[in-house]
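Here's the structure we're looking at; comments come further down.
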Amino acid sequence: MSALPQSFTPTDDLPDLAELAAVSARFESAPATAVIEWAWERFGPDVALASSFQDCVMLDLTMQVAPEMEVIFLDTQYHFAETLWYVEHIRERYDVNLNIVHPAIQPDDRWKVDIETCCAARKVGPMERALAGKSAWLTGLRRSETAQRANAPIVSFDLGRGMIKVNPIATWTEDDVRNYELDRDLPKHPLHERGYGSIGCWPCTLPVAEGADPRSGRWAGTGKLECGLHL
């Protein structure tokens with residue numbers, strides 16, 4: 001374990017951002033499991049993995065080195081039936097410490113008229129509740145996904161939430177993800193085979209043409225690029 005960055009210690013105040021950047025830089029060529037292991041050793045039960053269950057790559061990596069880590073899944077009330085099936089299918093494969101978080105509102109039609117407040121109520125707000133009291137969170141965010149994510153560090157301070165954010169597979173490409181799935185024989189979300197490159201809520205997600213940007217089917221035609229979790 002001596003090769004892992006060990007110097008960063010969280011405090012109640014703003015952390016040393018230069019020190020944090022150095023920790024992140026050391027992980028640029030490290031295996032994703034090393035990043036996850038570092039986070040678990042540093043934060044223990046005060047770190048959680050947020051998963052949308054579009055795939056189970058991050059979950060599989062986490063289960064190898066930190067099987068007790070809490071995994072947060074936001075049940076927005078508008079997931080595809082296939083996504084809910086996939087969650088249960090993955091639970092049969094892994095002994096997941098899963099926290100399914102629901103919105104504080106009932107199903108409604110606000111997605112038809114105001115997708116910003118819909119995402120805020122069904123994703124951002126529930127995630128805030130799920131991460132309350134935590135010191136850090138892990139995501140499956142990757143630089144290759146969008147221009148807005150191109151410079152995402154592996155480890156950083158999430159100023160909006162006042163906690164450490166860890167992106168263990170930030171350097172991975174789409175090919176890296178697919179090759180890992182093949183190598184590990186991971187179950188795939190059934191909608192990927194039907195042309196869905198990126199999977200969110202059913203009212204705001206469309207399949208995409210072969211070779212198109214996988215995320216171009218999310219909020220198509222609205223100009224919206226992110227749900228708000230990573231801003």
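A few remarks follow.
- Breaking point among (1) modelled with pLDDT of 95 or more; (2) closer than 21 Å to Lys134 by Cα; (3) open to solvent by 40 Å² or more (accessible area, probe 1.4 Å), for Ala25: (2)
- Strands (runs of 3 or more DSSP E) wholly inside the range 127-201 containing at least 2 residues that are closer than 19 Å to Arg42 by Cα and open to solvent by less than 10 Å² (accessible area, probe 1.4 Å): 136-138, 163-166
Here is a yes/no grid of residues against (1) touching a residue at least 60 places away in the same chain (Cβ under 8 Å); (2) open to solvent by less than 40 Å² (accessible area, probe 1.4 Å):
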position: Gln64; (1), (2): no, no
position: Glu68; (1), (2): no, no
position: Val71; (1), (2): no, yes
position: Glu88; (1), (2): no, no
position: Asn97; (1), (2): no, no
position: Arg110; (1), (2): no, no
position: Thr117; (1), (2): no, no
position: Arg122; (1), (2): yes, yes
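- Against the list (1) part of a helix (DSSP H, G or I); (2) more than 14 Å from the chain's Cα centre (by Cα), the condition Val124 fails is (2).
- Among the residues listed as Leu59, Leu20, Leu49, the single one being out of contact with any Leu (no Cβ under 8 Å at 6 or more places or on another chain) and either free of Cβ contacts under 8 Å to residues at least 12 places away in the same chain or open to solvent by less than 10 Å² (accessible area, probe 1.4 Å) (or both): Leu20
- Residues in the range 138-176 that are β-branched (Val, Ile, Thr), out of contact with any strand residue (DSSP E or B) (no Cβ under 6 Å at 6 or more places or on another chain) and modelled with pLDDT of 95 or more: Ile154, Ile169, Thr171.
The values are calculated or read from the model by the stated rules, or taken from the named source; none is laboratory data. All values derive from a computational prediction rather than experimental measurement. Note that each Cβ is placed from the backbone with ideal geometry, even for glycine, and that neighbours are counted across all protein chains shown. Areas reflect the complete protein model, heavy atoms only, side chains present, ligands, DNA and RNA absent. Shrake-Rupley method; radii C 1.70, N 1.55, O 1.52, S 1.80 Å.
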